[in-house]
1. Quick one: what pairs do we get from the stretch 100-119, first residue part of a helix (DSSP H, G or I), second surrounded by 10 or more Cβ atoms within 10 Å (Cβ to Cβ), C-beta under 6 Å, 6+ apart or different chains?
2. For the stretch 176-223, enumerate the residues that are among the charged types (D, E, K, R), outside any loop (DSSP other than H, G, I, E, B), loosely packed, with under 14 Cβ neighbours inside 10 Å and at pLDDT 70 or above.
Amino acid sequence: MLDEAPETLILSAIEGFETQPTWQLANRVNELWLEEENRLETEVSALENDLRAELAEIDVLKRPTNAVFELLHLQNDAIALILRRNAENPEKNDVFSVINEQKALLDKKKILLAKQLSELESRIAQMRTTEMELTQRESELAEQKLAALQTNTSSNMDLTTMKIMLFKKFGIHIEEGEEGKNDKIVIFNEKRSGAKTLEVDPKFLDYFISNYIWEHVGNNEDA
């Protein structure tokens, strides 16, 4: 038989368990958890601050600056427009947008210049063709002019010959003067002895010389 009742023995056994250290361990775990949570929150907050600083720095770097404008060779009116749009909507008008926009404009200018260059080359080719045609035409005209001059010279020679023959028929001879002396016009008269001689002075008018010749030629015919 047992000296004590079973209930007493159970209560004694329960009281003998070490429950106090178990509660202390749980409290320590909670403390460590809170410390770790606070540490993580602090690190996250610091990282968020760093991220915000980096984003702010990126925003600053993305803003169009005078250095960018100089590299793009922009005029003052274009710069003013970009700055105004950047102030209204920075996200859609950052430096990359400006560069892309200017690149698109340059591409359009390149296409336009290529078209103008093609048109200019075509015009140059046409001008060269026209120049060749004009050169050929000029050569043809020069040949025609030379032929005309030769024809005129031949005609003039014939006319001169005819005049000389006519003068001789009327008894008129022209004698070239010796060096330093005037030419002479000699009018022979077949019906009279002797001849009429006129020393042509440079001061004489053509009208006077013509009248003199035809006056004496007329006298020859009357005689």
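1. Q102/L72
2. E199, D206, E215
The values are calculated or read from the model by the stated rules, or taken from the named source; none is laboratory data. Note that the structure is predicted; figures quoted are calculated from it, not measured. Methodologically, a virtual Cβ is constructed for each residue, glycine included, from the backbone with ideal geometry; neighbour enumeration extends over all protein chains shown.
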